[in-house]
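Worksheet for the structure shown next.
The values are calculated or read from the model by the stated rules, or taken from the named source; none is laboratory data. All values reported here derive from a predicted model rather than from experimental measurement. Cβ sites come from the backbone with ideal geometry, for glycine too, and all protein chains shown count toward neighbours.
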Amino acid sequence: MRLTPAASAHSAPPSTAASAAAATTASSPSHSSSSPLELQVVEALNLARTKPSVFADRMETYRQYYDAAGVRSVPGRIPIRTNEGLRAFDEAIAALRAARPVAPLTVSR
């Protein structure tokens, strides 16, 4: 799978709900030879690229599952110990809050 920026850049957030829905639909990957996991990754990347503050909001909902040692314990999932810990997680959220939207990626083979 190859990811490339879409031809049309999204340099500013959509101004209306209708254009936001259109942007989400336009940036949704659809490639028949891609696995469901690959498509989920591309969808997450495109959300982070086109709507970084929305992606930051989603990340903040997971913050409660990290402890001071960097262990992520989401109910119903296997706990994961991160090397970077909560500080890096918070830095990522802050970077997304400061980021400007950019063009989504498209899938090609």
Of the residues in the range 23-49, those that are crowded, with 16+ Cβ neighbours inside 10 Å, of a type in the set (V, I, T) and modelled with pLDDT under 50 come to T24
The range 64-109, residues that are among the hydrophobic types (A, V, I, L, M, F, W, C), at pLDDT below 90 and assigned to a loop (DSSP other than H, G, I, E, B): A68, A69
So A20 fits all but one of (1) surrounded by 15 or more Cβ atoms within 10 Å (Cβ to Cβ); (2) within 17 Å of the chain's Cα centre (by Cα); (3) within 18 Å of L105 (Cα to Cα); (4) modelled with pLDDT of 80 or more; what number is the exception? (4)
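Residues checked against (1) in contact with a helix residue (DSSP H, G or I) (Cβ under 6 Å, 6 or more places away or on another chain); (2) surrounded by 12 or more Cβ atoms within 10 Å (Cβ to Cβ); (3) aliphatic (A, V, I, L, M):
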{"position": "K51", "(1), (2), (3)": "no, yes, no"}
{"position": "S73", "(1), (2), (3)": "yes, yes, no"}
{"position": "I78", "(1), (2), (3)": "no, no, yes"}
{"position": "A94", "(1), (2), (3)": "no, no, yes"}
